[in-house]
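Below is one structure, written out as structure tokens; the observations come after it.
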Amino acid sequence: MEAGLALQTRAAGFGSGRRRGGLQSPIGSLRVADPAGAAVAAGFGSGRRRGGLQSPIGSLRVADPAGAAVAVRARGSKPVAPLRAKKSFGGHENLHNSVDEALLLKRKSEEVLFYLNGRCIYLVGMMGSGKSTVGKIMSEVLGYSFFDSDKLVEQAVGMPSVAQIFKVHSEAFFRDNESSVLRDLSSMQRLVVATGGGAVIRPVNWKYMKKGLSVWLDVPLDALARRIAKVGTASRPLLDQPSGDPYTMAFSKLSMLAEQRGDAYANADVRVSLEEIASKQGHHDVSKLTPTDIAIEVSLPRISFLFLRTNYHQTAF
Ligand SMILES: Nc1ncnc2c1ncn2[C@@H]1O[C@H](COP(=O)(O)OP(=O)(O)OP(=O)(O)O)[C@@H](O)[C@H]1O
Ligand SMILES: O=C(O)C1=C[C@@H](O)[C@@H](O)[C@H](O)C1
């Protein structure tokens, strides 16, 4: 597998002026460069490093923490197109129920942008809670870059999957690298980060995530187990079992993890409860919620009021 990210600049249309040249993070591994236009390929993990200080896990190189938005996606992956259906979510053919819903999301996110003032959004939640799915939609409407911290760890370590990192090294090794990735990301701006499901268990990770807005996607365990059983557990080493019914196995492991993690997710600035959204919609069925329904909740202007207060507490929406 080729290590590296394909980076592409985009019109930001928001925030402070563009800086050319680029700054480097203390450790360097991700290079988001050239706000002026040219796409830049960055060395990440093993091989293909171009400049930048090297960290134990790779090199995060930040070109423009305060300036232009850049679209960053794994080489070869397709851009996210929020107005088009790519998958079926809980019976929905579309990510959005309607064009109106998509426009509502756009409007809400514009309001939130003002209050975010460049700060990153960190999505936290259990495996399968939709951090990547919702995060990509959020980044698209905000004009932010999207990162999946699990993928950054894979690239930094130079291995194709988290499962392999757990197997060849250890969970502790993965966690150390996860913390390094979060530390690096915390020096950047205008990112939506889908964090690993277990990132919440290390207090130091909260130190990094508190530089931005942390949002907990709180999804009932039953819904999580259904989603995970649908795609299989092979990519999720903490859930993978050699045998047994995938739903039952996923449910029992997730319940155990949820218990172990206790209130760790509740450290997030904002809790987005799918049960509460479904109940607001009057159907009480979280599987009917599209990722856009959830992204709208993340974008509610009420969230922005948090930034108007110096001391704020977690708010459930
Ligand atoms: N609102 C939704 N309704 C139904 N399925 C969903 C919804 N959001 C995400 N999914 C599906 O659930 C699965 C997990 O989603 P996703 O990868 O976004 O979660 P995640 O929190 O990033 O997971 P992980 O931390 O394990 O990487 C995917 O198969 C995705 O298509
Ligand atoms: O909940 C967890 O501990 C994990 C979640 C995934 O995102 C990966 O970070 C890894 O599989 C561990």
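Could you tell me whether region 252-273 includes any residue that is modelled with pLDDT under 85 and under 15 Å from P220 (Cα atoms)? There is at least one residue in region 252-273 that is modelled with pLDDT under 85 and under 15 Å from P220 (Cα atoms). Count of region 119-144 residues, restricted to those that are among the small types (G, A, S), closer than 16 Å to R190 by Cβ and crowded, with 24+ Cβ neighbours inside 10 Å, is 2.
In region 157-186, of all residues being outside any helix (DSSP H, G or I) and among the small types (G, A, S), the one that is surrounded by the most Cβ atoms within 10 Å (Cβ to Cβ) corresponds to S186.
Considering each residue of region 147-156 in turn, at least one proves to be over 23 Å from R119 (Cβ atoms), away from ligand 1 (no atom under 12 Å from the Cβ) and either touching a residue at least 40 places away in the same chain (Cβ under 8 Å) or crowded, with 18+ Cβ neighbours inside 10 Å (or both). Scanning for something more than 17 Å from the chain's Cα centre (by Cα), surrounded by 14 or more Cβ atoms within 10 Å (Cβ to Cβ) and at pLDDT 95 or above, does region 242-250 turn up at least one residue? Scanning region 242-250 turns up no residue that is more than 17 Å from the chain's Cα centre (by Cα), surrounded by 14 or more Cβ atoms within 10 Å (Cβ to Cβ) and at pLDDT 95 or above. When you look at L113, is it assigned to a helix (DSSP H, G or I) and touching a helix residue (DSSP H, G or I) at 6+ places or on another chain (Cβ under 7 Å), yes or no? Against the criterion (assigned to a helix (DSSP H, G or I) and touching a helix residue (DSSP H, G or I) at 6+ places or on another chain (Cβ under 7 Å)), L113 qualifies. Considering region 223-244, and only residues there that are in contact (Cβ under 8 Å) with a residue 24 or more places away in the chain and not in a loop (DSSP other than H, G, I, E, B), the residue that is nearest to E154 (Cα to Cα) turns out to be I228. Can you find a residue in region 200-209 that is without any contact (Cβ under 8 Å) to a residue 24 or more places away in the chain, more than 23 Å from S255 (Cα to Cα), β-branched (V, I, T) and more than 10 Å from ligand 2 (Cβ to nearest atom)? Checking region 200-209: not a single residue is without any contact (Cβ under 8 Å) to a residue 24 or more places away in the chain, more than 23 Å from S255 (Cα to Cα), β-branched (V, I, T) and more than 10 Å from ligand 2 (Cβ to nearest atom). Within region 187-216, the set of residues being in a helix (DSSP H, G or I), farther than 13 Å from D269 by Cα and within 12 Å of ligand 1 (Cβ to nearest atom) comprises just one member, A199. The listed residues are L185, L217, L221, L191, and the only one of them that is farther than 30 Å from K288 by Cα and at pLDDT 95 or above turns out to be L185.
Among the residues of region 245-273, the ones that are outside any helix (DSSP H, G or I) and of a type in the set (A, V, I, L, M) come to 3 in all. Here Q189 clears all of (1) surrounded by fewer than 24 Cβ atoms within 10 Å (Cβ to Cβ); (2) in contact with a Gly (Cβ under 6 Å, 6 or more places away or on another chain); (3) within 27 Å of G262 (Cβ to Cβ) except the condition numbered (3).
Of the helices (runs of 4 or more DSSP H) entirely within region 274-313, those holding at least 1 residues that are at pLDDT below 90 and under 21 Å from Y122 (Cα atoms) occupy 291-298, 301-305.
The values are calculated or read from the model by the stated rules, or taken from the named source; none is laboratory data. Source: prediction; values computed, not measured. Neighbour counts are summed over all protein chains in view; Cβ atoms, including those assigned to glycine, are modelled from backbone coordinates with ideal geometry.
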